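The values are calculated or read from the model by the stated rules, or taken from the named source; none is laboratory data. Please read all numbers here as calculations on a predicted model, not as lab measurements. Note that each Cβ is placed from the backbone with ideal geometry, even for glycine, and that neighbours are counted across all protein chains shown. We work out accessible area using only protein heavy atoms, side chains counted, and drop any ligands, DNA or RNA first. Shrake-Rupley method; radii C 1.70, N 1.55, O 1.52, S 1.80 Å.
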Amino acid sequence: MRFSKFPFYAFALCLAAGSSLAEDKKAPEAAPTGYTDTPFLPGGKWRVHDDARPRPEVVTPGKTASEAPSDAIVLFDGKNLDEWIMDKDNAPADWIVKDGFMEVPPKGKGVGGYIKTKREFGDIQLHIEFATPEKVEGNSQGRGNSGVFFLGSHELQILDSYENKSYADGQASALYGYKPPLVNAVRKPGEWQTYDIIFEAPKWDAEGNLLKKAYITVLHNGVVTHHRQPYLGATGHKSVANYNTVIESGPIKLQDHSNPTRFRNIWVRELKLDAHE
Ligand code: MG
């Protein structure tokens with residue numbers, strides 16, 4: 001009797017294991033995790049905990065916060081300027097590339113000028129690393145000046161603001177000509193620094209009326225220097241910024257201000273802010 005029971009138990013065990021395996025396989029997709037009988041959220045499209053609401057796309061983060069995540073566009077990986085062109089004539093970018101960084105070339109050699117991305121962007125997350133010149137020369141706006149321009153026109157200032165007095169709306173991490181940073185989080189000349197930025201492009205109606213200003217959030221070396229700060233408009237010099245030009249997307253531009261500023265590890269993520277309801 002004992003002999004005949006064993007195959008039966010073994011057979012039953014296999015059946016049980018098989019059916020539970022089948023359930024496991026289909027479980028992630030079939031089993032609802034949300035609800036269909038909860039109240040609607042304001043706007044009426046989705047219920048609280050709605051099971052039909054699309055789940056967020058999976059993105060693999062970099063090993064560190066500085067490393068590009070899986071859905072980023074790498075704009076500079078230290079090797080070449082393939083993603084960049086000269087602002088003045090769209091020729092290939094001629095800044096110096098060496099030792100894993102790019103550098104504003106020396107003045108008066110027939111090279112240099114602002115560079116910009118070939119691609120155009122609207123709402124973005126941008127990571128960019130920079131170093132102002134180790135050899136300290138000049139003062140105020142003449143020391144380690146560069147800048148990152150969104151839509152090719154809205155500047156986030158780069159300056160050597162380490163023990164370098166200059167006007168408040170022109171120092172490192174300022175929205176140039178308008179808004180000083182919340183704090184001065186600058187590192188010493190020659191040291192690598194980071195900007196982690198969320199930029200929201202302005203929005204307009206069909207007649208060109210401004211519906212929403214441009215906004216920027218900035219972490220400078222991990223320190224918040226702007227939190228969803230509205231731009232006063234496209235950046236000017238000795239003039240008040242304005243929204244006179246209807247623009248929702250444009251290149252990212254880097255400034256040649258005749259100081260050998262260095263850049264490395266630049267990546268961007270396009271944000272679909274309006275689509276994420
Ligand atoms: Mg500048």
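If the viscosity is 1.306 mPa s and the temperature 10 °C, what Stokes-Einstein diffusion coefficient in µm²/s follows for region 86-240 when Rh is the Kirkwood radius over Cα pairs?
96 µm²/s
Given a 10 angstrom Cα cut-off, can you work out which residue in Thr38, Thr225, Thr235 is the most mobile in a GNM of the chain?
Thr38
Calculate the length of the line joining the C-alpha centroid of region 122-140 to that of region 206-232, in whole Å.
The distance from the Cα centre of region 122-140 to that of region 206-232 comes to 19 Å.
Count neighbours as other Cβ atoms within 10 Å of each site's Cβ, and list the trypsin sites (Lys or Arg not before Pro) in region 177-235 that are DSSP loop with at most 16 such neighbours. Present the calculation step by step, with values, prior to reporting the outcome.
Values: sites: Arg187, Lys203, Lys212, Lys213, Arg228; in loops: Arg187, Lys213.
Here the sparse-neighbourhood loop sites are Lys213.
Ranked from the most accessible area to the least, with a 1.4 Å probe and all protein chains present, what is the order of Arg119, Arg47, Arg55?
Arg55, Arg119, Arg47
Please give the calculated 222 nm ellipticity per residue for the chain, where each DSSP H segment of at least 4 residues contributes -39500 (n - 2.57) and the sum is spread over every residue; nearest 500 deg cm²/dmol?
Working: 1 runs with 29 residues, N = 277.
Value at 222 nm, helices only: -4000 deg cm²/dmol.
Mean 1/r over all different Cα pairs, inverted: what Kirkwood radius does region 38-134 give, in Å?
Taking every pair of different Cα atoms in region 38-134, averaging 1/r and inverting gives 17.3 Å.
Which of Tyr35, Tyr195, Tyr243 moves the most in a Gaussian network model of the chain with Cα springs under 10 Å?
Ranking Tyr35, Tyr195, Tyr243 by mean-square fluctuation puts Tyr35 first.
Please give the net charge around Ala241, taking every other residue with its beta carbon less than 12 angstrom from that of Ala241, where Lys and Arg add +1 and Asp and Glu add -1.
Working: positive: Lys179, Lys213, Lys238; negative: Glu155, Asp169.
Residues near Ala241 contribute +1 overall.
Relative to the longest principal axis of the C-alpha atoms of the chain, give the angle of the C-alpha long axis of helix 2-30, reported between 0 and 90° and rounded to the nearest 10°.
Rounded to the nearest ten degrees, it is 30.
I need the GluC sites (Glu not before Pro) found in region 154-244, filtered to DSSP loop residues with at most 11 other beta carbons within 10 Å of theirs.
Glu163, Glu207
Using alpha carbons only, how many angstrom separate the centre of region 182-202 from the centre of region 59-103?
17 Å
Once you put a point 7 Å from the Cα of Thr36 and another 7 Å from the Cα of Thr64, both along the Cβ direction, what distance in nm separates them?
The modelled label-to-label distance comes out at 4.9 nm.
Taking just the alpha-carbon atoms of region 144-186, what radius of gyration and Dmax come out, in angstrom?
According to the Cα coordinates of region 144-186, Rg and Dmax are 9.6, 31 Å.
So what's the convex hull volume per residue for the Cα atoms of the chain, in Å³?
Looking at the chain, the number lands at 220 Å³ per residue.
Distance cut-off 32 Å, Cα to Cα: go down the list Lys88/Lys213; Lys135/Lys179; Lys63/Lys203 and report the pairs above it.
Pairs exceeding 32 Å: Lys63/Lys203.
Multiplying the sequence separation of Ser239 and Lys165 by 0.36 nm and subtracting their Cα-Cα distance, what value in nm do you get? Each step should come with its number before you reach the end.
On the way: separation 74, 0.36 × 74 = 26.64 nm, distance 2.10 nm.
Taking 0.36 nm per residue and subtracting the Cα distance, the gain is 24.5 nm.
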